[in-house]
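Asker: Take a look at the following structure, please.
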Amino acid sequence: MTETGNKAMAQIFPFTFLGRTEIRLGNGGISSSCFDKAAALLTWLSLSGGWRSRSEITSLLWPGLSEQRGRANLSQLLLVLSRRTGSGPRIEKERDALRLRFPGDVEPENAVDVLQFLSDAPPPGCHRLHAPSRCSRCRERIHFRQSLYRGEFLQGETLPNSPPFRLWVEDMRRNLSERKGVLDRLLAGQIESFSREVAGRISREWRPLTVLCVLVQGNDRQSAEEILEFIEPWRRSSERLLRDRKGEVAKFRKPGLLAYFGYPAAREEDARMAAKSALEILASFSRLPDNENFEIRAVIHSGSAACDLLRDIPDATGERTDETVSFVRQSPAGRAVASETAMASLGSHFRSVRWGRGALPQGGSLSLHVLEEERSAIPSERLFIGRDRELATLEEAWRRGTEGNPGVFWIIGEPGIGKSALVNFFARSVSRNRKPAGTVRILSCLPEFRDTPWFPLRKLYQTAASGEEKESTPSSPSNDPSLSPGQLPEVSLFRRPDSFVTDMRNDPGQTPEERREKTELFLMDLLLETLRTSPLLLVVEDVHWADYATLSLLRRILGLRSPPPALLLLTCRTGKQPPVLPSPDSENRLVLSPLDRHQSRALVEQTVAGLSPDRMRTILDLGDGIPLYLRELATAPETPEKGHPSEPSVPAGLQALMASRIDLLGSLREIAQVSACIGQSVPTDLLMEVGVEGWDKSRILSGVDALLKQGVLEKDADNPPTFIFHHSLLREALLSSLPAPFLRRTHARIASTLRSRFREWVDREPEFLAGHLARSGECNEAITTWIKASEKASAQGFPEHARDHLEQALKLVPGIPDPSQRQDRAQEILTALAQASWFTHGVGSDYVHNLCAQRDEMIDTLHVSAKTFPVFYSLWATTNARSGPLESRPFLQKLEKALQLPDLSPADSCQTLFALGEDALWRGDLKTAGQLFEEPLSRQRASDDPPSFLTIYGEDCAVRCLASLSLVRWQQGFGQTALSLVRQAQERSLAISSPASYAHSLHYEISLHLFQNEPEHVLKVSRQALNWAERHGFYQWKILALLAMGWAQGNPEGYRIARDIGEALRATVPGLSSVLSLIEADTALRAGLSQEALNRVLQAREDAERKGIRLFYPEFFRLEGEARLRLLSGKKQPARTCFLEAIGHASEAGAPRLALKALLSWLKAFPGEPSPAQTVLDTFPRQEPCAQLSEALFLSGLQKSLPLNPLPG
C-alpha cells in the first residue's frame, strides 16, 4: 500500500495496531515512541470487548504487585487517561469492571484496524461473505482487509515487567498471522470460505438476554409519519435513559423503542433495569401533551439468545425479539407487562398481577404479568433454615448493645448465601419481639445507584414518607407495620430528601468540601436521631454496592467516639469489602458458609413439596448449599428451555447472575469453558493434553492459577493435581453459553485424549469417557461404553449408578442410523435396565413393568433362543413378582424349553433350573424344589463357565440356590443345615465381590430366624442388612429389613411399622403380598392385636389361593387358629380345626418343621387333651438337635423333662 493509502487508512481507524502503533484520542494521541501502560490498557480494552474485571487488568499490567496496590495504580492510570481522552473514546467505569466505549455511533470495527482485519462482516448488498471468485464486492472487501496488515501486531512494542501482557501480544500476533494466511488463500482461490476459528475466539454464544419493546400506536386518522414526529423528542430522551441503564438500543421499524439488556456484558440487575426503565418510559409518555390520542404498550421478555459476537448482534436468530414484539401486540395499553420468563428474575423485586397468556410465534404460550410497584427481595421467614448459630451471635450482640456496649458486625458471604435473609429475620425479631423494643433502620445499596450520593438514605426516607399517605405491605422490615412512619420522627425533616442538599449546593459561601461535610453531619444526626428514645439497629445491606458518599458517612459513624447505634450490621460479598472502611477482625465478622445437605433438603422441601428422589438429588448437587440456588432450582421447570443446546439449564432467575460472573472472567473464560466441558472435576494433566485453542501450556497453567484466585475454581487434590468448580451452577452456565458445534468438537477432543493418553482412567471410570463420546455425537461407541460402565457399577454393588448409566445409553438409541441395529440395541439396554432396576425400584414395580412392556413392543415374534433368553427370564421374574407363580408359569414353560437349546450357556441353564426350583418351592413341593436347587450347585462346582448376562445385574445364581435351599431344608426339619447353607451363600457373595448377592443371603438368614421366632437374632441381622442396603442403594432389601425390624419389636408400634412397610413393599412385589400379610399377622399376634392378626391372615390366605402360593398354607392355618383362640377363648373348636388343617398341609408338603410349629400351638392351647403329637413327632428328622422338638416331646408327655441347655433351632 502507498504512503498516501497508509495515511488515509490511519485517518479511518483512530486505533491502529498493525505495523506502527497509533492511538488517537480526543485531546491528542499515543504513538510507538511513547507506548506505556496507558497505551497497553487502551489496546487490550479495545480488542477484548465488553466489560473486563479490574482484577484481570491488574494481573495483566502489574503481575508482581498485590491486588490492592495494583488497583491503586489502575485508579491513577484511569485519572491520567480521563484527561487525555476528551471527546474521543472513553473508558466507562464500574466498581469492579471497565470497558472502552467509542463516541456516538462509531462501531468498534470501524475504529480499530485489528477488529476490521478479523471481521467476517460482508459488504453492503451481501448477506454473507462470499468466495472472492463469485462476488466482486466481497473480493474488494477482502483486498481491503488484507491491505490493513502493514506489519505485525504492536510492531517493536514492549512493556517491561509484564509477562502476561507479552504473552497476550504473542498470541495476538500468531492469530493475526494465521488470519493473513487465510486471506491470502482466499484471494488465491485455494479455499472458498472462512472457518469459524479464524478469529481465534468463539464467534457465537448463548447469553441470557432481556428484551424491552415499547410500541406506540395512534388512531386510524394518524399516519405513521405523524406518530413518529409526535414521539421523536420523547424517543430520544427514552433512548438516553436506556443507555444510562446499560441498555443496548437497537433499530426498531415501528414507532417505539427496542433495547437489549445483558449484551454485550451481563449484569445481575439487567431484568430489573429493563422493568424500571419500562415503568419510567410509560410515566414520561403519560406526561406528553395530547397523549390521550395514542396508545403505548411495553413488554419485558427474557430468555437465552444466540449472540453473534463478531457482528455485534445481540439476538442473531431473532427468536427473543420476535417473541417480545408478538407479546407487545397482545398486551394491555398503558401498562408494563413482563413475560413468564422475565418474572423469574423480577418476581422478588416487583409486585405483579397475572394478566393472561401470550401466544408465541413458533407455537405455545407464556403467561403475561402486569408490573406494579417495586418491592424488596426478602425471602419468606419459613425458608430461614440453618442459621441458628449466627442468629444467636447477633442476639447476644444486640443484648450487649442495649446494655451500653454497642457493636459492629460484618455479615460476609457469596451471592445467594443468605446475608439479607439473616439480617432481615433478625431485624423483624428486634422490631417485634425484643425487650427493650428497638428501632430498626435498613439501608439497601443497589448496583444501579452506585453513582447516586446517599442513595440508601434517600430510598429509606422516601419510602417512609410515602407510607404516611399510603399504608405499606409488610414485605420487608423497612415497610413492615411495626416500622410504620409513626416510628420515624425524622421523616418530617427529610420529606423532600434533596431539598437540604440543594439548599447547601446553592450556598455560595461554602466550598464543596464544606458542603459535603455539613451534609454528612446532617444525615448522620438524622439517622441517629432515635438513639435518644430507643436503641437503634442499623443495617446496611450490600455495602460493596454503596456509593462513595454513603461509604464516607459510614466511615464517619464507625469513627464516632460517642456510642454509635446499639448494633450496626454490614452485609458484603466475599472479597468485595470497600477499602475505605476499616477491615473487620475475626470477633466482629460472621462468614456465612453453605448449608449442609440435611439443611439444604429441608429448605427445598419447604420451597416445593413432593419432589421425586432423583429431582431432589439433582437440586442438592447443583445447589451446593446456597439458599438462593436451591430455591431457584426447586421452583424452576424440570425441562430446559426449548432450543437451548445444553442440559441441564440454569434456572432463569440465576442466568443473569451467572452470566455476569462469566463476563468478568475476560479471556480466562476460554480456559473456564474447556474446563467446564471436561467436567465438574478437572485433572490438570488432562486439561493440558486437551489444550485450549491458541494457548500454550504455560499460559494454561497461569490461567488456572488466576481462576483459583478469583474463586471460580478450587483445589481438590494434589496427586494428581486436580481442581473443581467452586459452584456446579457456574459450570452449567459456562456450558449453556457455548454453541453446539464448539461443544461437539471439544468433547470429541476430550474423548480422543482420554482413549489415547488415559487408558487406566477410562478402564477405572468408563462413564467419564461415555459422557464425552455421547456429547461428541459418537452414539454407538457411547452406548457401548455406558453399558460397560453400568456393568462395572452393578458389580461394585451400586445398582442406582448402573441404572443411571443404562438410562443414558437408552437416550442415545434414536441416534443410531440403522433401524435393525437400533432395535437390537434398545432390546439389550431395556433388558439390562429392567434387571438393574430390580434393586432400586423393586422387581415387580410399575417402573420395571413399564420397561419390560416397552421392550416387548419391539419383539415381533416371541420365540425362545439363546439370544432372547434374558428377555424371557426377566419376563418370568417380573411377572412372578407382580402377579405370583400362577401368572408367570407360561414364561417358565418357555424357559424350560430353553434347556433343550444346544447353544444355551451353562450359566443360563443354571438360571432356568433356579426358576423351576422357585416355582416348585412356592407350590409347596419341597422335594422337587430341593433337587432343582442342588443341580445348579453341582454343575457350577464342576464348571468354570463365565457368568450369565443376568448375573451382571442380579445376584449370583449359586448364592440364590444356596439361600432358597436353606429355606427348603429348614422346613424339612434341618435347622442347622439351613443356617449352614445361608452362611455358605454369604461367604460366596463376599468371595466373588457381589454386594447384591450378599444382601440376598442376609435376608434369607433373617427369614430363618423370623420363622424360628428369634427376635434378637432377627434384629441383629436386620440392622446389618439395612446398613448394607443403604450403602449400596438396594431399595427393596432396605424395606424388607425395616419390615423384619418391625416384627422384632413385638409391640403395637412394631406392628404399625410392619404394616406401613408392608404397604410400601406391595408396590414393588405385589405378587408376594400374601407372604407380607403373613408376617404382618404374626407381628400383630406378638403385639397382642388378635383381630388385626385374624384379618391379615385371612387376607393372606385368600391372596395365596388366587396366586397359586401353597408354601405357607400351614402357617396361614396356624396363625388363624392362634388368633381365633385369643378372640374366642370360650370356643376352642375353631382353633383346634385350624391347627389340624395346618398339620395336614405341612405333612402333605413334606414340611415337618411347620407341622411341629402347629403341634406346639395345639399343645400349649389344649394341655392334657388328646393330640396328633405321635404322628407329627414320628415324621420329624432326628439327625440334628432341635429345641422345639424337645419342647413338643415334653409337652406331649413323650419326654419327662426339658434339657438343661437349650438346643439350637
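Asker: Is there a residue being in a loop (DSSP other than H, G, I, E, B), small (Gly, Ala, Ser) and in contact (Cβ under 8 Å) with a residue 12 or more places away in the chain anywhere in region 754-775?
Answerer: Step one: of region 754-775, the residues in a loop (DSSP other than H, G, I, E, B) are 758, 765.
Add one more test, that the residue is small (Gly, Ala, Ser), and what stays is none.
Looking for residues that are in a loop (DSSP other than H, G, I, E, B), small (Gly, Ala, Ser) and in contact (Cβ under 8 Å) with a residue 12 or more places away in the chain, one finds none in region 754-775, hence no.
Per-residue answers, yes or no, for (1) of a type in the set (D, E, K, R); (2) at pLDDT 85 or above; (3) within 25 Å of the chain's Cα centre (by Cα):
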residue: Ala566; (1), (2), (3): no, no, no
residue: Gln577; (1), (2), (3): no, yes, no
residue: Asp585; (1), (2), (3): yes, no, no
residue: Arg597; (1), (2), (3): yes, yes, yes
residue: Leu603; (1), (2), (3): no, yes, yes
residue: Val608; (1), (2), (3): no, yes, yes
residue: Ile619; (1), (2), (3): no, yes, yes
residue: Leu633; (1), (2), (3): no, yes, yes
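Asker: Let me ask you something else. Mind checking whether some residue in region 739-752 is within 28 Å of Gly416 (Cβ to Cβ), modelled with pLDDT of 90 or more and crowded, with 21+ Cβ neighbours inside 10 Å?
Answerer: No, because not a single residue in region 739-752 is within 28 Å of Gly416 (Cβ to Cβ), modelled with pLDDT of 90 or more and crowded, with 21+ Cβ neighbours inside 10 Å.
Asker: If you check every pair at least six apart or on different chains, which have Cβ atoms under 6 Å apart with a residue in region 819-834 that is part of a helix (DSSP H, G or I) first and a residue that is among the small types (Gly, Ala, Ser) second?
Answerer: Correct list of pairs: Ile829/Ala809; Thr831/Ser874; Ala834/Ser874.
Asker: For region 293-323, which residues satisfy the criterion of being assigned to a strand (DSSP E or B), buried (at least 18 other Cβ atoms within 10 Å of the Cβ) and not polar (S, T, N, Q)?
Answerer: Within region 293-323, the subset assigned to a strand (DSSP E or B) is 295-308, 313.
Narrowing further to those that are buried (at least 18 other Cβ atoms within 10 Å of the Cβ): 296-307.
Ile296, Arg297, Ala298, Val299, Ile300, His301, Gly303, Ala305, Ala306, Cys307 - these are the residues of region 293-323 that are assigned to a strand (DSSP E or B), buried (at least 18 other Cβ atoms within 10 Å of the Cβ) and not polar (S, T, N, Q).
Asker: When the residues of region 324-356 are filtered to those that are among the hydroxyl-bearing types (Ser, Thr, Tyr) and not in a helix (DSSP H, G or I), which remaining residue is nearest to Leu633 (Cα to Cα)?
Answerer: Of region 324-356, the ones among the hydroxyl-bearing types (Ser, Thr, Tyr) are 324, 326, 331, 339, 341, 345, 348, 352.
Applying the additional criterion that residues be not in a helix (DSSP H, G or I) yields 331, 339, 348, 352.
On the way: Ser331: 29, Ser339: 19, Ser348: 15, Ser352: 22 Å.
Looking at the filtered set, the residue picked out is Ser348.
Asker: Residue by residue through region 558-574, note down the ones that are more than 22 Å from Glu395 (Cβ to Cβ) and surrounded by 14 or more Cβ atoms within 10 Å (Cβ to Cβ).
Answerer: Within region 558-574, Arg573, Thr574 meet the criteria.
Asker: Quick one: would you say Val1021 is modelled with pLDDT of 90 or more, surrounded by 19 or more Cβ atoms within 10 Å (Cβ to Cβ) and among the β-branched types (Val, Ile, Thr)? Step through it out loud before you land on a result.
Answerer: Working: modelled with pLDDT of 90 or more: yes; surrounded by 19 or more Cβ atoms within 10 Å (Cβ to Cβ): yes; among the β-branched types (Val, Ile, Thr): yes.
When the stated conditions are applied, Val1021 passes them.
Asker: Right, another one. Take the residues in region 851-894 that are aliphatic (A, V, I, L, M) and modelled with pLDDT of 85 or more; name whichever of them is nearest to Arg1110 (Cα to Cα). Break it down stepwise before answering.
Answerer: If we filter region 851-894 for residues that are aliphatic (A, V, I, L, M), which is where we start, we get 851, 853, 858-859, 862, 864, 866, 871, 875, 877, 881, 886, 892.
Now narrow it down to the ones that are modelled with pLDDT of 85 or more: 886, 892.
Values: Leu886: 11, Leu892: 18 Å.
Out of the qualifying residues, it is Leu886.
Asker: Here's another thing I want to ask about it. From Asn1027, Asn1013, grab the single residue that is outside any helix (DSSP H, G or I), surrounded by fewer than 21 Cβ atoms within 10 Å (Cβ to Cβ) and among the polar types (S, T, N, Q). Reasoning before the result, please.
Answerer: Values: Asn1027 fails: outside any helix (DSSP H, G or I).
Exactly one residue qualifies, and that residue is Asn1013.
Asker: Quick check on region 618-638. Is at least one of its residues in a loop (DSSP other than H, G, I, E, B), on the phi > 0 side of the Ramachandran plot and without any contact (Cβ under 8 Å) to a residue 24 or more places away in the chain? Steps first, please.
Answerer: Here is the first cut: in region 618-638, the ones in a loop (DSSP other than H, G, I, E, B) are 624-626, 636-638.
Okay, now just the ones that are also on the phi > 0 side of the Ramachandran plot, so 624-625.
Within this subset, residues satisfying the condition of being without any contact (Cβ under 8 Å) to a residue 24 or more places away in the chain are none.
No: zero hits.
Asker: What residue, of Ala298, Ala259, Ala275, Ala266, is within 27 Å of the chain's Cα centre (by Cα) and either among the aliphatic types (A, V, I, L, M) or within 30 Å of Arg669 (Cα to Cα) (or both)? Steps first, please.
Answerer: On the way: Ala298 fails: within 27 Å of the chain's Cα centre (by Cα); Ala259 fails: within 27 Å of the chain's Cα centre (by Cα); Ala275 fails: within 27 Å of the chain's Cα centre (by Cα).
Testing whether each residue is within 27 Å of the chain's Cα centre (by Cα) and either among the aliphatic types (A, V, I, L, M) or within 30 Å of Arg669 (Cα to Cα) (or both) leaves just Ala266.
Asker: Oh, and also: Go through region 233-268 and report how many residues are of a type in the set (A, V, I, L, M, F, W, C), surrounded by fewer than 22 Cβ atoms within 10 Å (Cβ to Cβ) and in a helix (DSSP H, G or I). Reasoning before the result, please.
Answerer: Filtering region 233-268 down to residues of a type in the set (A, V, I, L, M, F, W, C) leaves 234, 241-242, 249-250, 252, 257-259, 261, 265-266.
Now restrict to residues that are surrounded by fewer than 22 Cβ atoms within 10 Å (Cβ to Cβ): 234, 241, 249-250, 252, 265.
Now restrict to residues that are in a helix (DSSP H, G or I): 234, 241.
Selection size over region 233-268: 2.
Asker: Ok, one more. When you scan region 87-96, do you find a residue that is at pLDDT 80 or above, surrounded by fewer than 18 Cβ atoms within 10 Å (Cβ to Cβ) and acidic (Asp, Glu), even just one?
Answerer: Going through region 87-96, the residues at pLDDT 80 or above turn out to be 89-93.
Retained after the next criterion (residues that are surrounded by fewer than 18 Cβ atoms within 10 Å (Cβ to Cβ)): 90-93.
Next, from what is left, pick out any that are acidic (Asp, Glu): 92.
Scanning region 87-96 turns up at least one residue that is at pLDDT 80 or above, surrounded by fewer than 18 Cβ atoms within 10 Å (Cβ to Cβ) and acidic (Asp, Glu).
Asker: What's the number of the condition Thr722 fails, among (1) touching a residue at least 24 places away in the same chain (Cβ under 8 Å); (2) farther than 21 Å from Gln808 by Cβ; (3) assigned to a helix (DSSP H, G or I)?
Answerer: Thr722 satisfies all of (1) touching a residue at least 24 places away in the same chain (Cβ under 8 Å); (2) farther than 21 Å from Gln808 by Cβ; (3) assigned to a helix (DSSP H, G or I) except (3).
Asker: Further, regarding this structure: Check off (1) surrounded by 21 or more Cβ atoms within 10 Å (Cβ to Cβ); (2) free of Cβ contacts under 8 Å to residues at least 60 places away in the same chain for Leu734 and give me the number that stays unchecked.
Answerer: Failing condition for Leu734: (2).
The values are calculated or read from the model by the stated rules, or taken from the named source; none is laboratory data. What you see is a predicted model, and the numbers here were worked out from it, not measured in a lab. As a convention, Cβ positions derive from the backbone with ideal geometry for all residues, glycine included, and neighbour counts pool all protein chains shown.
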